[in-house]
There are 2 protein chains.
Amino acid sequence: MQAFNLFRKPKLTLVGAGPGDPELITLKGVKALSSAKVVLYDALVHPDMLDYTSDGCLNILVGKRSGHHSYKQHEINELIVKYAYEFGSVVRLKGGDPFVFGRASEEIEYADKYGITSNVIPGLSCSTALPGLHGMPLTKRGVNESFWVVTGTTKNGKISDDFYLAARSSATVVVLMGRKKLNVVTEFYKSIGKENLPIAVIQNGSLESEKTAIGSIIDIEALVEEKKIGTPAILIIGEVVKYHSERLPIFAQHFSNN
Amino acid sequence: MQAFNLFRKPKLTLVGAGPGDPELITLKGVKALSSAKVVLYDALVHPDMLDYTSDGCLNILVGKRSGHHSYKQHEINELIVKYAYEFGSVVRLKGGDPFVFGRASEEIEYADKYGITSNVIPGLSCSTALPGLHGMPLTKRGVNESFWVVTGTTKNGKISDDFYLAARSSATVVVLMGRKKLNVVTEFYKSIGKENLPIAVIQNGSLESEKTAIGSIIDIEALVEEKKIGTPAILIIGEVVKYHSERLPIFAQHFSNN
C-alpha cells in the first residue's frame with residue numbers, strides 16, 4: 001500500500017448506471033466495470049450489471065435493500081477511501097447520473113481529502129431517459145422550449161421550493177423522487193388553475209416491474225391509486241406528456257431487432 | 001416490399017448518440033446499430049460510432065457537414081419512410097438525446113402517418129453529461145435543488161423566453177446551443193445583479209477537440225474570446241460550476257484503467 005501510494009494516486013471512478021435497464025449503461029461504464037477490482041453499488045442498480053465485472057471483482061452493495069445493512073453516506077465515503085487504498089482503484093456505481101441528485105460531490109470531496117483522484121462517467125438520468133422511453137419529448141417545437149428537473153425529496157424531506165416556480169413556468173417539469181409528494185404537486189397545480197395539465201407517474205422506470213399512470217392533474221391521484229404505483233417514482237408534468245405513445249415499449253426489453 | 005408491408009410493420013428506432021465521445025453511447029444503442037440495415041446519422045455524431053454497424057449496413061449522413069448535402073427536416077422525414085419500407089427498419093442516430101431539443105417527435109409523427117412504428121433508445125443529453133465530465137454537479141446538497149435546461153436557439157433564432165425566468169431562479173441553468181447568445185445571457189444576468197455567478201462554456205464537449213472556459217458572468221466573454229470558443233457550445237450557469245475539478249479529464253479519453 002505504501003509503495004502504491006508513493007508512485008500512483010489511488011483512483012475513484014463514479015459511473016452512472018442509468019435508469020435501471022442493464023443495457024442503458026454507457027459503453028464506457030461497462031468498460032470501467034469490466035476492469036474494476038472493487039465496485040460499490042447502490043440498491044437501485046440492476047443486479048445484472050454486476051455481470052459486467054470480472055470474476056475476481058469485489059462487488060459490495062452499499063444501498064438499502066431488505067436483508068442487507070444499509071450504509072449511511074459517511075460510511076460509503078469511508079469505504080471508498082478504504083478500498084481505494086487497498087486496491088488502488090474503486091468504481092462507484094450509482095443509479096441514474098451521479099451528478100443529478102446523486103450526492104457524487106460529497107464522495108469526490110471526501111476522497112479528495114485523502115489524495116484520491118476522481119473521474120466521472122456520466123449515466124442516463126431518469127429525468128431524460130424515462131420520458132424518452134415512453135415517447136414523451138421533454139421539448140417539442142411549438143409546444144415548449146425548456147425542461148426543469150427538481151427533487152421531490154430535499155434534505156429536510158420536503159419538495160424543493162423551486163417546484164413552485166417551475167410549476168408556474170411553461171417548462172416541462174420533472175420531479176425526481178416525487179411519488180410521496182404527488183398530493184402536494186397536484187394541489188399546487190390546481191391552485192394556479194392548471195388542473196388539466198397532463199402528468200405521468202412512472203415507478204421502476206425501464207424495468208420489467210415498471211408501472212405507469214398517465215392522466216391530468218385532476219385525475220392522476222385516482223389513477224396512481226388504482227394502479228398501486230409506489231416508490232421510487234418520477235413525475236413528468238407538461239403538455240408534452242400527451243404525445244406519449246402506447247405503441248412505444250411500456251417497459252424496456254433487451255433490444256432485439258425482431 | 002409489399003409482402004413485408006402486409007406481414008410486419010416497418011420500424012423506426014431513434015437512438016441517442018450522447019455528447020460526442022463514441023463510448024458515451026448506451027449498450028442498447030450499440031446493439032441497435034450492430035443489427036441495423038440502414039442508419040441515418042447527424043453531423044454531430046462521431047464517425048467512430050459507425051464502426052458499431054455491420055459491413056452491409058447503409059450509413060447515410062443527413063446532417064450539415066462541409067462537402068455534403070445538408071438535408072432539411074422534411075427531407076429527413078421522407079428518407080426515414082423511404083428506407084423503412086425498403087429495408088423493413090431504419091435506425092436514426094441523433095446527437096445527445098433524441099427528445100432534448102432533438103426534433104424526434106416530428107420524425108415519429110411523420111413515420112406514424114405511414115404506418116411505421118417507432119421506439120426510442122435514449123442517449124446522454126449534453127445538458128447532464130458535459131457538466132458531469134467536468135466534475136460539476138448539476139445539483140449539490142446545500143447549494144441548489146434543481147436544474148433548468150433551455151435552448152439558446154428557438155425556431156425564430158432567439159433564446160427561449162424561459163431563459164429569463166430561469167436566470168431569476170436558484171436552479172442551475174443549462175443553455176444548449178447557447179454560444180451565439182452568450183452576450184444576451186451575460187447582459188441579462190448583469191441586469192439582475194448576478195454578475196459574479198459562475199459560468200462555464202464548453203464547445204465540442206467530450207471530444208478531443210473540446211474547448212472550455214470557466215469564469216463568472218463578468219469575465220466569461222473575455223475568456224471565451226481568448227480561447228476562441230465557437231459553436232456548438234453549451235453554457236452552464238450557477239454556483240455548482242465552481243465545484244468543477246481541474247483533475248477530472250478535460251477531454252474524455254477512451255476509458256482505460258491506467
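Observations
- For A:ASN183, inter-copy separations between label points set 7 Å beyond Cα along the Cβ vector come to 5.3 nm, shortest first.
- Between identical copies, the spacing of B:HIS69 label points, each set 7 Å from Cα toward the C-beta atom, reads 6.6 nm from nearest to farthest.
- Once the 1.4 Å probe is applied to the protein heavy atoms, the range A:126-252 comes out at 39 Å² accessible per residue.
- Heavy-atom accessible surface that A and B bury in contact, both chains counted, 1.4 Å, Å² to 100: 6100 Å²
- Converting phi to 3J(HN,Hα) with the Karplus coefficients 6.51, -1.76 and 1.60 and the offset θ = phi - 60°, the range A:195-202 yields 5, 9, 5, x, 8, 10, 10, 10 Hz in sequence order, with x at every glycine or proline.
- The mean accessible area for residues of the range A:11-121, using a 1.4 Å probe and ignoring ligands and nucleic acids, is 36 Å² per residue.
- Proximal aspartates and glutamates to B:LYS37, defined as alpha-carbon separation beneath 13 angstrom and excluding residues fewer than eight positions away on the same chain: B:ASP55, B:GLU86
- For the range A:169-186, Karplus couplings with θ = phi - 60° (6.51, -1.76, 1.60), whole Hz, Gly/Pro x: 7, 9, 5, 5, 9, 10, 10, 7, 6, x, 3, 6, 9, 4, 5, 4, 5, 5
- Measuring nothing but how far apart in sequence close Cα pairs (under 8 Å, 6+ apart) lie, relative to its length, the range A:126-252 scores a relative contact order of 32 percent.
- Phi to ³J(HN,Hα) by Karplus 6.51 cos²θ - 1.76 cosθ + 1.60 over the range A:71-76, Hz, x for Gly, Pro: 8, 7, 4, 5, 6, 4
- On Cα atoms only, tilt of B:104-113 relative to the major axis of chain B in degrees: 20 degrees
- Accessible surface, 1.4 Å probe, highest first, among residues B:ILE108, B:ILE192: B:ILE192, B:ILE108
- Förster-model FRET efficiency, 41 Å R0, A:LYS113 and B:GLU195, C-beta, rounded to 0.05: 0.80
- When chain A is turned onto chain B, its residue with the beta carbon nearest the axis, and that distance in whole angstrom, is A:TRP148, 2.
- Nearby aspartates and glutamates by direct alpha-carbon distance to B:LYS72 (threshold 18 angstrom, same-chain neighbours under 8 apart not counted): B:ASP42, B:GLU106, B:GLU107, B:GLU109
- Cross-link pairs beyond the 22 Å C-alpha cut-off, checked among A:LYS11/B:LYS94; A:LYS180/A:LYS227; A:LYS64/B:LYS242: A:LYS11/B:LYS94; A:LYS64/B:LYS242
- Hits among aspartates and glutamates - C-alpha to C-alpha of A:LYS194 under 13 Å, sequence gap 8 or more where chains match: A:ASP219, A:GLU239
- Rounded percent of accessible protein surface that carbon and sulfur make up, the protein assembly as shown, 1.4 Å probe: 51 percent
- Every helix of 4 or more DSSP H residues in chain A counts as -39500 (n - 2.57), and over all residues that averages to -7500 deg cm²/dmol at 222 nm.
- Between A:ARG8 and A:GLU208, the C-beta separation translates, for a Förster distance of 41 Å, into a calculated FRET efficiency of about 0.45.
The values are calculated or read from the model by the stated rules, or taken from the named source; none is laboratory data. Bear in mind that the values here come from a model prediction, so they are computed numbers and not experimental data. Positions of Cβ are backbone-derived with ideal geometry, glycine not excepted, and every protein chain shown enters the neighbour counts. The protein model used for the area step is the full one, side chains on, heavy atoms only, and it has no ligands, DNA or RNA in it. Shrake-Rupley method; radii C 1.70, N 1.55, O 1.52, S 1.80 Å.
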